[in-house]
1. Relative contact order for region 183-288: what percent, with Cα pairs under 8 Å and sequence separation of 6 or more?
2. May I ask you to list the lysines whose Cα is less than 25 Å away from that of residue 280, ignoring any residue fewer than eight positions away on the same chain?
3. Using the Cα atoms as the points, what is the convex hull volume per residue of region 258-399 in Å³?
4. Let me know the charge dipole size of the chain about its Cα centre in debye, to the nearest 20, where only the beta-carbon of Lys, Arg (+1) and Asp, Glu (-1) is charged.
5. Just to confirm the filter: which GluC sites (Glu not before Pro) across region 203-275 are DSSP coil and have at most 14 other Cβ within 10 angstrom of their Cβ?
6. Among 481, 447, 92, whose Cα sits farthest toward the positive end of the charge dipole of the chain (+1 at Cβ of Lys/Arg, -1 at Cβ of Asp/Glu, about the Cα centre)?
7. So which trypsin sites (Lys or Arg not before Pro) in region 489-570 pass both tests, a DSSP loop state and at most 12 other Cβ atoms within 10 Å of the Cβ?
8. Do any of 333/422; 332/491; 305/588; 496/533; 299/533; 305/543 go past 32 Å between their Cα atoms, and which?
Amino acid sequence: MTLRQEYPRPQFVREKWLNLNGEWNFAFDDANVGVKEGWYKTDVAFDQTIEVPFAYQSRLSGIHDTSFHDHVWYQREFKVPNEWKSQEVILHFGAVDYRAWVYVNEQLVGYHEGGHVAFSFDITNQLNWNGAENLVVRVEDPSTDETIPRGKQFWEEESAGIWYTRTTGIWQTVWLEPVSPTRISKLRFTPNVDEGTVEVSFEVFGDRQDKLVSIDIFYKNELVIRDTIEVLENYTRRSFDLYNQHIFRTGFHHHGWNWTPENPNLLDVKLTVTDKLGEKFDEVDSYFGMRKVHIEDGKVYLNNKPYYQRLVLDQGYWPEGLLTAPTDEDLKKDIELALEMGFNGCRKHQKVEDPRFLYWADRLGFIVWGECPASPFYSEDAVSRLTKEWIEIIERDYNHPSVVAWVPLNESWGVPNIRANKQQQNHSLAMYHLIHSLDTTRLVISNDGWELTKTDICAVHNYNHGTKQEVTKYEIFKQSLNKKEAILASKPAGRKIYATGFEHQGEPILLTEFGGIGYKVGDEEGWGYTSVKNEEEFIEDYKRVMDAVHQSEDLHGYCYTQLTDVEQEINGLLTYDRKPKCDLANIKKLNHPKG
């Protein structure tokens with residue numbers, strides 16, 4: 001059975017599409033001779049098969065080879081439905097790590113660099129329409145290059161410490177879509193909770209003459225907005241009054257129509273492109289949530305009310321699929337398990353997650369801090385690559401209400417000398433301001449952990465809580481979290497909280513990595529920041545650490561490390577295969593000590 005058959009782009013849905021996941025032909029090109037020898041041609045036979053969208057390093061790929069292979073090739077045939085002939089055909093890739101060259105019927109249709117977000121090509125002119133079409137993808141993923149954004153993917157052959165098995169090549173869904181020459185090409189929703197409005201902006205690609213765009217907005221299947229706009233230019237922006245002088249639609253009583261984790265209300269949208277005679281050219285289904293995030297008086301506010309964030313660090317790895325969840329249900333299950341433990345969100349760590357995860361976060365009510373894999377080393381090339389990825393990340397994920405914050409840098413990875421190096425400090429500042437220039441609706445954390453520059457949240461990491469026997473170390477940990485002055489004076493990993501020349505400006509303080517209690521369940525060996533022997537000790541140690549957090553007068557949220565074990569790390573609340581290490585109700589009770 002072919003896995004990952006669900007619609008891959010839940011924020012921008014069209015009715016017709018064709019999934020290309022499944023068995024492809026595959027080959028390693030260790031000598032990098034494929035281009036010279038014409039491996040993109042139709043008469044070339046590859047010597048292996050692979051199950052897309054799983055990387056060759058994973059078990060689900062059918063190959064499960066974790067050694068270095070920097071150049072790989074994919075090939076498969078597909079047939080385009082005859083009824084698509086009057087339309088243009090778009091080939092979509094959810095993500096390919098790291099560089100991809102795409103050929104259709106021996107013709108190069110495009111190139112993409114960046115391993116973490118979607119890209120697409122119009123392949124209409126390359127199709128022959130007479131049966132089998134030949135699709136070939138060449139991938140380059142430099143295993144040891146420390147200037148590309150790689151996150152937790154190790155640049156050595158054997159995973160170790162906090163570094164995991166690499167992902168090379170296609171790791172999200174590949175699919176085809178027929179589109180009209182005149183169609184919606186971009187769509188953004190910007191809610192304004194204070195005014196009770198939503199700004200809808202969209203672009204129409206192609207012939208716009210005498211074209212209309214109808215916008216229908218529904219709340220729980222009830223039509224609340226209907227408008228038809230004559231398309232005069234490619235870009236259109238309109239504001240719609242949703243609350244419309246109805247007090248119970250606002251957040252004045254309970255949550256109204258607003259989106260929160262406790263009440264994840266969403267509004268569904270349908271955009272239809274027609275001409276003035278009523279002929280339909282395009283139709284897109286989407287959704288958004290009325291949600292506002294801001295900081296005030298040293299706290300994070302959600303929809304103008306203080307909101308205490310109880311987050312869990314989520315690496316987004318699976319034992320069978322690595323970066324790729326085996327099924328859509330697995331993505332949903334991770335959120336459900338976190339909610340069952342009393343968390344209201346996650347920090348998705350060093351990974352740009354599959355849009356299906358964000359879809360379930362939107363639907364189930366789960367806050368997400370979005371992050372991008374970092375490069376280990378600083379260089380001008382690394383800056384360029386990270387910047388490009390962030391522009392594409394925000395373009396893809398802007399409409400998800402669950403995403404409330406962006407984290408462009410983590411623990412000075414990729415900026416190892418940021419403490420005093422002005423160039424690296426300027427990179428941090430540039431990322432902070434770039435993201436705010438692209439997205440005014442979310443918070444930005446400049447360098448999660450320590451050596452912060454300009455930032456919306458003072459995000460602090462501290463694993464120095466010791467074991468149960470190390471009473472003095474625990475007391476120091478507890479005191480270091482108690483008041484703002486102690487937190488700001490602390491030096492996690494020997495690093496100051498703010499880089500030289502920067503200081504706390506009153507932003508909310510959150511403990512965004514701590515815990516990591518190591519507890520082995522089963523036979524697999526591994527490590528944690530502390531170690532316990534059984535479930536009773538595990539709960540006791542979790543309580544001890546959480547008590548220190550909850551007694552703090554100046555912490556306004558936390559992110560516990562971590563949701564699951566990953567490879568050699570056994571510091572999760574769940575095992576790598578998502579089995580609870582204890583009664584999850586006990587974790588929930590300790591996350592909510594006051595009920």
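Every number here is computed from the coordinates shown, using simple stated rules; none is lab data. As the structure is a computational prediction, the values presented were derived from the model and not from experiment. Don't worry about glycine lacking a Cβ; one is built from the backbone with ideal geometry, like all the others, and counts go over all protein chains shown.
1. Values: 215 pairs, mean separation 28.9, N = 106.
The value is 27 percent.
2. Residue 280 reaches 16, 85, 186, 211, 270.
3. On the way: hull volume 26.4 nm³, N = 142.
Here the figure is 186 Å³ per residue.
4. Numbers: 65 positive and 93 negative charges, 338 e Å.
Its charge dipole is roughly 1620 debye.
5. Details: sites: 203, 222, 230, 233, 262; in loops: 233, 262.
In loop regions of region 203-275 (DSSP not H, G, I, E or B), the sparsely surrounded GluC sites (Glu not before Pro) are 233, 262.
6. The Cα lying farthest towards the positive end belongs to 481.
7. Values: sites: 495, 496, 520, 533, 543, 544; in loops: 495, 496, 520, 533.
Here the trypsin sites (Lys or Arg not before Pro) that fit, given the DSSP loop and packing criteria, are 533.
8. Numbers: 333/422 44 Å; 332/491 37 Å; 305/588 23 Å; 496/533 34 Å; 299/533 37 Å; 305/543 28 Å.
Distance filter (> 32 Å) returns 333/422; 332/491; 496/533; 299/533.
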